[in-house]
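Asks: Quick one: the structure is below, questions incoming.
Nothing in this text is a laboratory measurement; each read-out follows from the coordinates by a stated rule. The structure presented is a predicted model; accordingly, all values stated were derived computationally and were not measured. No Cβ is skipped: glycine too gets one built from the backbone with ideal geometry, and neighbour counts run over all protein chains shown.
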Amino acid sequence: MSDCALITSAFHMPRSVGLFRKLGIAVTPWPVDYRTSGNATLGLDFSQPSLNAQLTTTATREWTGLIAYFISGRTHVLFPR
C-alpha cells in the first residue's frame, strides 16, 4: 500500500498524523506554513510582544489538542512521530 501525502500547517502536523494513523491510513507528512525561521531559541523577543502572544496561543492550542485527542482515544500516542 502506498502512502498518502498529508499537507498541512507544520504547527499541527503531529495531531493530523495521529488522526490518520488511528484510522489506519499511512501518510507521508509534508509540513508547510512554518511559524519560525528555523533559528528558534528558547526565550521571548521583547521587541515583538504581539508575536510572542500569537505564537504562545498557537502552541498552547496545539498542545491542548494533542493531550485532548490522546485522552479521548482519537490518537494512539501523545506525540506521533
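Asks: Residue by residue through the range 75-80, what is 3J(HN,Hα) from phi via Karplus (6.51 cos²θ - 1.76 cosθ + 1.60, θ = phi - 60°)? Round to whole Hz and write x for glycine and proline.
Replies: 10, 7, 10, 5, 10, x
Asks: List the residues whose amide H sits under 5 Å from the amide H of Ser9, counting only those 5 or more places along or on another chain, with H placed 1.01 Å from N in the peptide plane.
Replies: Val32
Asks: In terms of modelled amide H atoms, which long-range or inter-chain residues lie less than 5 Å from the amide H of Val27?
Replies: So Val27 has HN proximity to Cys4.
Asks: Using r as the Cβ-Cβ distance of Ala53 and Lys22, and R0 as 22 Å, what FRET efficiency do you calculate, to the nearest 0.05?
Replies: So, using R0 = 22 Å, E works out to roughly 0.10.
Asks: Based on the Cβ-Cβ distance of Thr64 and Cys4, what FRET efficiency does E = 1/(1 + (r/R0)^6) give at R0 = 30 Å, to the nearest 0.05?
Replies: With R0 = 30 Å, the Cβ-Cβ based efficiency is 0.70.
Asks: Please report Phe79, Phe20 as a ranked list, fewest other C-beta atoms within 10 angstrom at the top and most at the bottom.
Replies: Phe79, Phe20
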